[in-house]
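The values are calculated or read from the model by the stated rules, or taken from the named source; none is laboratory data. Treat the numbers as computed from the prediction; the structure is a model and nothing was measured. Counting neighbours? That spans all protein chains shown, and the Cβs are built from the backbone with ideal geometry, glycine included. Protein only, heavy atoms only, side chains kept; ligands, DNA and RNA dropped before computing areas. Shrake-Rupley method; radii C 1.70, N 1.55, O 1.52, S 1.80 Å.
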Amino acid sequence: MSSVPEHTPISTNRWSLAGTTALVTGGSKGIGYAIVEELARLGSAVHTCARSQADLEKCLQQWRDSKLKVTGSVCDVSSPSEREKLMATVKSQFDGKLNILGRRSTNRRTVEQTMEDFKLLISTNLESAFHLSQLAYPLLRACGGGSIVFVTSICGFISIDNLSVYSSTKGAMNQLARNLACEWAKDNIRTNSVAPGYIRTPLNGFLVQDEEFVARENHRVPLGRWGKPEDVAGVAAFLCLPSSGYVNGQTIVVDGGRIVNGNH
């Protein structure tokens, strides 16, 4: 009768991504940028994409100056054909193998949303997460396993004014992560989500200018502040590390305690 040791020896590379490859979408700004940098500093070779060639090239130059292994290409992830082109680029660049897939609106009342708004948000968020996961699957499996991390939102758990469609896509992404976590576990592919609260990013720039709104939200956050992109990037990177190898199908909320605080 065989037995399994109670304590597995800790490998020296449990907190390193050296030798791994990663694809991070939307890496030229905000949370995506911070995730690219976090993974690269942990040793991963990262490919990222953005819709703007100028924004992307500016970031790539910064990463080259920092001696980080980051490449990039232009892609609008709301387009199926561009998603396929992106994955073909990644497949070629990383010799058919990929260890990490990281997937990163309109703010109107529901009655003001058009079907075009709805379709754009569905394709940009939920559809692209599903399709990119499909395309990445054979590359992840070729490595003997890997990690998928979706960046969603606390909107997937609570109601926030004027974000009904956006929130629906984020909640669906959390559920997609849970399903893939079960379906692809046999291939040693883990799938998790990170759900940020309000983060100081260019996307939220117009909100930051509203001092009353910021003060109200800070009051709702036990830590008393909005998050920074690196607050989210650290958690996303952890979910890619060998040290998180038993974390699967989870949504980790990064919001300073905002959604568990009863003081609304």
Selection from 195, 172, 47, by position along the positive dipole direction of the chain (Cβ): 47
Accessible-area composition of segment 143-264, carbon plus sulfur, in percent [1.4 Å probe]: 52 percent
Charged-residue dipole, Cβ positions (Lys, Arg, Asp, Glu), the chain about Cα centre, Debye nearest 20: 460 debye
Candidates per trypsin sites (Lys or Arg not before Pro) in segment 63-95, loop by DSSP, up to 16 other Cβ within 10 Å: 67, 69
Disulfide-incompatible cysteines by the Cβ rule (no partner under 4.7 Å) in the chain: 59, 143, 155, 182, 240
Trypsin sites (Lys or Arg not before Pro) within segment 147-250, DSSP loop, no more than 14 other Cβ atoms inside 10 Å: 225
Whole-angstrom gap from segment 206-264 to segment 77-93, using each part's C-alpha centre: 30 Å
Accessible surface, segment 33-145, averaged per residue in Å² (probe 1.4 Å): 51 Å²
Segment 174-264 - accessible surface per residue (Å², probe 1.4 Å): 50 Å²
Probe 1.4 Å, all protein chains present, accessible-area order of 173, 115, largest first: 115, 173
Loop chymotrypsin sites (Phe, Trp or Tyr not before Pro), segment 213-264, which have at most 15 other Cβ atoms in a 10 Å radius of their Cβ (DSSP): 246
Reduced Cα scattering model of segment 40-127, Debye log10 I(q)/I(0), q = 0.11, 0.20, 0.25 Å⁻¹: -0.41, -1.02, -1.30
Electrostatic dipole magnitude of segment 110-216 [Cβ: Lys, Arg +1; Asp, Glu -1; Cα centre; debye, to 20]: 600 debye
Around residue 50: net Lys/Arg minus Asp/Glu count, Cβ-Cβ under 15 Å: +2
Alpha carbon convex hull of the chain, volume per residue in cubic angstrom: 155 Å³
Residue-averaged [θ]222 nm for the chain, counting only DSSP H segments that reach four residues, each worth -39500 (n - 2.57): -12000 deg cm²/dmol
Furthest towards positive pole of dipole, 113, 218, 92, structure part the chain, Cβ charges: 92
Shape call, segment 72-227: gyration tensor on alpha carbons, a/c limit 1.5: prolate
